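See below for the structure under consideration.
The values are calculated or read from the model by the stated rules, or taken from the named source; none is laboratory data. Just so you know, these numbers come straight off a predicted model, no measurement behind them. Here the Cβ is made from the backbone with ideal geometry for all residues, glycine too, and neighbour counts use every protein chain on show.
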Amino acid sequence: MAKKIKDDAGNTYVQKKPFYKRFWFWILVVVLIFIGFGSLGNRNGSSSSTSSPNNSSSKINKASFDKIKISESDGTSKEEVEKIFGKKPSTSSSQSIQGIQAEECVWTGTSLGSTVTVGFSNGHAISKGITGLPGSKKITSSQYEAIQNGMSKDEVIQKLGNPSGKTYSSIAGQSSEMLMYDGKGDIGSNMTITIINDSVSGKSQTGMEN
């Protein structure tokens, strides 16, 4: 709750809680860990990981992926995701940060490089990602340069076509999405476009050429 303070002149101000003490900040930390900023290890919490046999993967596809709801309050539970995919995750890892219980689960599909990753916080899905989507084309550095902040997601798709991978997250009422494309150039060349509230807010690339 915000704290009211009064100065020497009798004026009243509202002292807001520091951002690092707010619940949504630690949710964001969890999402960044799962998206790829690395593990905090045991320095700020505890972690563990497990793996399970890879059974039938016929349900690991975009149609099933789209059924997963992400939300801090009522996102799809891990048990419900397992029912959607028809099996337990291939691998999983867990984190405990500032009282927030978080888990990342990965389901492996049938096509080369096809995976679905779901991040859970306190029992609800708050992020999800999929790779190995069919129908994507390799993007050149010129096409990368043509993408500008402020463009809509539809404009990006019109210019570049469908991405090879996507990630979604929902934190503090703000939705974000990352579109991933394979690039022309060295092995592993790629580009990533960040979409916040349906508008391009950033981009990055590695090893792309024309």
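Only one residue in Val106, Val116 is closer than 22 Å to Ser73 by Cα, modelled with pLDDT of 90 or more and either in contact with a Phe, Trp or Tyr (Cβ under 6 Å, 6 or more places away or on another chain) or among the charged types (D, E, K, R) (or both), so which one is that?
Values: Val106 fails: either in contact with a Phe, Trp or Tyr (Cβ under 6 Å, 6 or more places away or on another chain) or among the charged types (D, E, K, R) (or both).
Within the list Val106, Val116, the selection yields Val116.
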Over region 162-179, the set of residues surrounded by 20 or more Cβ atoms within 10 Å (Cβ to Cβ) and free of Cβ contacts under 8 Å to residues at least 60 places away in the same chain is Pro163, Ser164, Gly165, Leu179
Might you let me know whether region 138-150 holds any residue that is among the β-branched types (Val, Ile, Thr), surrounded by fewer than 19 Cβ atoms within 10 Å (Cβ to Cβ) and not in a loop (DSSP other than H, G, I, E, B)? no
Taking the stated definitions as given, is Ile60 modelled with pLDDT of 95 or more, crowded, with 17+ Cβ neighbours inside 10 Å and of a type in the set (A, V, I, L, M)? no
Residue count, region 180-194, condition of a type outside the set (Ser, Thr, Tyr), surrounded by fewer than 18 Cβ atoms within 10 Å (Cβ to Cβ) and closer than 28 Å to Glu72 by Cα, comes to 0
Which members of region 67-82 meet the condition of being part of a helix (DSSP H, G or I) and free of Cβ contacts under 8 Å to residues at least 40 places away in the same chain? Glu79, Glu80, Glu82
In region 144-174, anything among the hydroxyl-bearing types (Ser, Thr, Tyr) and farther than 22 Å from Asn61 by Cα is listed as Tyr144, Ser152
Has region 197-209 got at least one residue that is of a type outside the set (Asp, Glu) and under 30 Å from Gly99 (Cα atoms)? yes
Among what's in region 195-210 and is part of a strand (DSSP E or B) and in contact (Cβ under 8 Å) with a residue 60 or more places away in the chain, pick the residue that is surrounded by the fewest Cβ atoms within 10 Å (Cβ to Cβ). Gln205
